[in-house]
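Taking it in order: structure first as structure tokens, then the write-up.
The values are calculated or read from the model by the stated rules, or taken from the named source; none is laboratory data. Please read these numbers as outputs of a predicted model, since none were measured by experiment. Backbone-built Cβ (ideal geometry, glycine too); neighbour counts: all protein chains shown. With ligands, DNA and RNA removed, areas are computed over all heavy atoms of the protein, side chains included. Shrake-Rupley method; radii C 1.70, N 1.55, O 1.52, S 1.80 Å.
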Amino acid sequence: MGQAERPGLTLAPPTGRRFHFDPGALCLELLATGGPGEFARFEVLHVPADLARWAGESRLRWPSDLELTVGEGELDLVRRTRDALFLLTADRAHGRPLDPGQLSVVNAAAAEPPLTARIEPDGTRAWVPGATGARLLSTVMRDAVDLFTGPYADRVRECATGNCSLLFVDTSRPGRRRWCAMERCGNRQKARAHRARGEAAQPAVSSDAARTS
């Protein structure tokens with residue numbers, strides 16, 4: 001995926017079509033890889049190579065030819081930290097107090113050395129070789145710290161569709177984003193609303209017909 005392409009991920013849910021989802025922040029892209037409890041069924045980080053693949057699809061645009069060393073222990077740490085961030089983000093979206101234990105997990109990961117970036121002669125960003133899973137995790141969690149303490153902290157939301165729990169931050173100027181993706185839940189909700197209006201109007205039509213018969 002090239003630098004000029006729009007940010008976000010292509011998700012393939014167990015049911016339904018593939019769709020583009022832009023959660024608005026690097027740290028929230030990690031939440032689309034799985035989660036705690038009932039969300040474990042969406043887990044995609046099974047082996048170290050899965051994390052490298054995610055990095056390449058994420059806002060990091062990790063090059064496929066640049067090695068990312070991820071040990072089994074680091075992959076477990078990534079999943080545990082992601083789950084803590086998932087719960088924190090859901091609490092933030094619904095205005096609930098943030099759990100100190102989960103904050104400690106995120107802060108501990110953010111305190112580690114991050115990935116190192118550099119500027120190439122053509123003005124593009126590149127990553128310095130020698131990256132590890134722990135450095136990748138630190139970079140992602142530092143992004144979470146920036147999100148939770150920054151100007152868009154009050155715009156962290158959960159998709160407004162009742163059966164979708166995808167989390168995102170609304171960075172649009174109007175600040176009226178409600179859906180994970182208009183092409184998925186937004187269109188579904190519009191279709192439901194259209195059907196509901198049609199059903200609500202049906203008795204009135206029948207009543208009018210009865211009066212004129």
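Give me the percent of the accessible area of the range 34-182 that comes from carbon and sulfur atoms, probe 1.4 Å, all protein chains in place.
54
Solvent-accessible area per residue in the range 60-175 equals 52 Å², computed with a 1.4 angstrom probe and all protein chains kept. Along the charge dipole of the range 112-178, Cβ charges K/R +1 and D/E -1, which of 172, 141, 121 sits furthest on the positive end? Toward the positive end, the furthest listed residue is 172.
For residue 110, what is the net charge nearby, where nearby means another residue's Cβ is under 10 Å from its Cβ and Lys, Arg count +1, Asp, Glu -1? Spell out each step's value before the answer.
On the way: positive: 142; negative: 112, 143, 146.
Neighbour charge sum, excluding residue 110 itself: -2.
For the range 1-75, just say rounded, prolate or oblate: build the C-alpha gyration tensor, square-root its eigenvalues into a ≥ b ≥ c, call rounded for a/c under 1.5, and beyond that prolate if a/b exceeds b/c, oblate if not. Oblate shape, in that a/c is at least 1.5 and b/c is the bigger or equal ratio.
Applying 0.36 nm per residue to the separation of residue 122 and residue 38 and subtracting their alpha-carbon distance, the gain on full extension is 25.7 nm. The Rg/Rh ratio for the range 117-173, using Cα coordinates for both the radius of gyration and the Kirkwood hydrodynamic radius, is 1.12. Between the beta carbons of residue 6 and residue 65, assuming R0 = 22 Å, the FRET efficiency works out to 0.45 to the nearest 0.05.
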